[in-house]
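A.B. asks: Okay, here's the structure, questions in a sec.
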């Protein structure tokens, strides 16, 4: 594995940028300071910048040669509403906000590649550096598409990368087809009839109705869905009542549904609605049912995935390029892949031994208050982006 010398020489400087971003986390569509840092660095390296797409997004444009071909590289910038428990020097300075998913590192890896590409321009075409806001629930990718990202900057393909704890540093994972699930939310309000808890026959208790409904939902997974198709229904919240001696008027259920295909999602939504309506009708209650579709499934394209695997294999060897097991987590890079061919792949973040003194007691896993990005990935990830650009424009 050969890392680019100029990126390696800048490793400490780049790590300092990453730690600065980590210590000043910004939630979705609030990435003003982070966007300022990105734009300042790109401008310093002579890279034209377009700001404000998707509210706080930044797009850098590097042109070289005469080819009309182009490639998009994406990094996300936002943090999570999590209270960090780490106490090392670069821990979050903002209560309730934390870079617990490594977007600070993703941004820095792309900056590392940007500096090298702008200096050497060892390619023939155009590279679009997409620094995207609001991946964590805000749908920043969708908003950038709505703002005309791919109309203003036509691209032949787009690629994204995410760190993956548990996968060793120096290892990658990439697979064609669905790699992350769709994310969808539901809210169901069961409308019964309140009464004294000692006289339940005078009312319609929504709580046992809710219990039957939750159990019935699981039959959708076990009896309506093909066993080989993936799907998860999770009722994560149940709210009813305010006093122990009162049968509540209403009971509210909320949760998520995750699938890899639209057909399975359509079936689950339809069956949930029918079950909710009929279970309530059987108990003389009524129901309010809402189902909101958030991120679609992230589905990698065959050709671009094979290309990515080939570049990674040349860098680290076939034994270090794993098949990515699909996960039911969601990712809004899916919106980009609905518009253009491309691939979303994973870079190993290790087991957590890289964390400095002062890290929390928890594991170094994504969305955990003890998480921290592994700075050893910055020169590696930056080199990967450069090699992908060079390979992309060299292939016919």
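A.B. asks: Output the residues belonging to the stretch 237-262 that are over 12 Å from residue 188 (Cβ atoms) and free of Cβ contacts under 8 Å to residues at least 24 places away in the same chain.
C.D. replies: Within the stretch 237-262, 242, 243 qualify.
A.B. asks: Of all residues in the stretch 324-335, count the ones that are farther than 14 Å from residue 294 by Cα and not in a loop (DSSP other than H, G, I, E, B).
C.D. replies: So the first thing to find is which residues in the stretch 324-335 are farther than 14 Å from residue 294 by Cα, and the list is 324-327.
When the remaining residues are screened for being not in a loop (DSSP other than H, G, I, E, B), the result is 327.
Selection size over the stretch 324-335: 1.
Yes/no per residue for (1) touching a helix residue (DSSP H, G or I) at 6+ places or on another chain (Cβ under 9 Å); (2) surrounded by 13 or more Cβ atoms within 10 Å (Cβ to Cβ); (3) outside the structural domain of residue 285 (by TED's automatic domain parsing); (4) not in a helix (DSSP H, G or I):
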site	(1), (2), (3), (4)
222	no, no, no, no
227	no, no, no, yes
243	no, no, no, yes
254	no, yes, no, yes
257	yes, yes, no, yes
263	no, no, no, no
268	yes, yes, no, no
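A.B. asks: Can I ask one more? I'm checking my understanding of the structure. Among residues of the stretch 179-204 that are in a loop (DSSP other than H, G, I, E, B) and without any contact (Cβ under 8 Å) to a residue 60 or more places away in the chain, which one is nearest to residue 243 (Cα to Cα)? Write out each step before concluding.
C.D. replies: Of the stretch 179-204, the ones in a loop (DSSP other than H, G, I, E, B) are 181-183, 192, 194, 197-199, 203.
Imposing the further condition that a residue be without any contact (Cβ under 8 Å) to a residue 60 or more places away in the chain reduces the set to 194, 197-199, 203.
Details: 194: 11, 197: 9, 198: 13, 199: 15, 203: 15 Å.
Among them, the one singled out is 197.
A.B. asks: Which ranges mark the strands (runs of 3 or more DSSP E) fully within the stretch 39-123 that have 2 or more residues being crowded, with 18+ Cβ neighbours inside 10 Å and modelled with pLDDT of 95 or more?
C.D. replies: Ranges flagged: 57-64, 70-76.
A.B. asks: Return yes when residue 289 is in the same structural domain as residue 188 (by TED's automatic domain parsing) and either in a strand (DSSP E or B) or modelled with pLDDT of 95 or more (or both) and no when it is not.
C.D. replies: yes
A.B. asks: For residue 215, are the conditions met, namely being loosely packed, with under 14 Cβ neighbours inside 10 Å, touching a strand residue (DSSP E or B) at 6+ places or on another chain (Cβ under 9 Å) and either free of Cβ contacts under 8 Å to residues at least 40 places away in the same chain or assigned by TED's automatic domain parsing to the domain that holds residue 305 (or both)?
C.D. replies: Values: loosely packed, with under 14 Cβ neighbours inside 10 Å: yes; touching a strand residue (DSSP E or B) at 6+ places or on another chain (Cβ under 9 Å): no; either free of Cβ contacts under 8 Å to residues at least 40 places away in the same chain or assigned by TED's automatic domain parsing to the domain that holds residue 305 (or both): yes.
Taking the combined requirement at face value, the residue does not satisfy it.
A.B. asks: Can we say residue 140 is under 22 Å from the mean Cα position of the chain (by Cα), assigned by TED's automatic domain parsing to the domain that holds residue 9 and surrounded by fewer than 19 Cβ atoms within 10 Å (Cβ to Cβ)? First the steps, then the outcome.
C.D. replies: Working: under 22 Å from the mean Cα position of the chain (by Cα): yes; assigned by TED's automatic domain parsing to the domain that holds residue 9: yes; surrounded by fewer than 19 Cβ atoms within 10 Å (Cβ to Cβ): no.
No.
A.B. asks: Residue 360 passes all but one of (1) crowded, with 19+ Cβ neighbours inside 10 Å; (2) more than 27 Å from residue 297 (Cα to Cα); which number fails?
C.D. replies: (1)
A.B. asks: Please go through the stretch 270-297 and give me each residue that is out of contact with any helix residue (DSSP H, G or I) (no Cβ under 7 Å at 6 or more places or on another chain) and within 20 Å of residue 228 (Cα to Cα), ordered by number. Give the steps one after another, and end with the answer.
C.D. replies: Narrowing the stretch 270-297 to residues out of contact with any helix residue (DSSP H, G or I) (no Cβ under 7 Å at 6 or more places or on another chain): 270, 273-274, 277-278, 281-282, 284, 288, 290, 292-294.
Within the stretch 270-297, just 270 meets the criteria.
A.B. asks: Sticking with this structure for a sec: Which residue out of 346, 373, 336 is over 30 Å from residue 152 (Cα atoms) and surrounded by 18 or more Cβ atoms within 10 Å (Cβ to Cβ)?
C.D. replies: Values: 346 fails: over 30 Å from residue 152 (Cα atoms); 336 fails: over 30 Å from residue 152 (Cα atoms).
Testing whether each residue is over 30 Å from residue 152 (Cα atoms) and surrounded by 18 or more Cβ atoms within 10 Å (Cβ to Cβ) leaves just 373.
The values are calculated or read from the model by the stated rules, or taken from the named source; none is laboratory data. What you see is a predicted model; the values in this text were computed from it and never measured. Note that each Cβ is placed from the backbone with ideal geometry, even for glycine, and that neighbours are counted across all protein chains shown.
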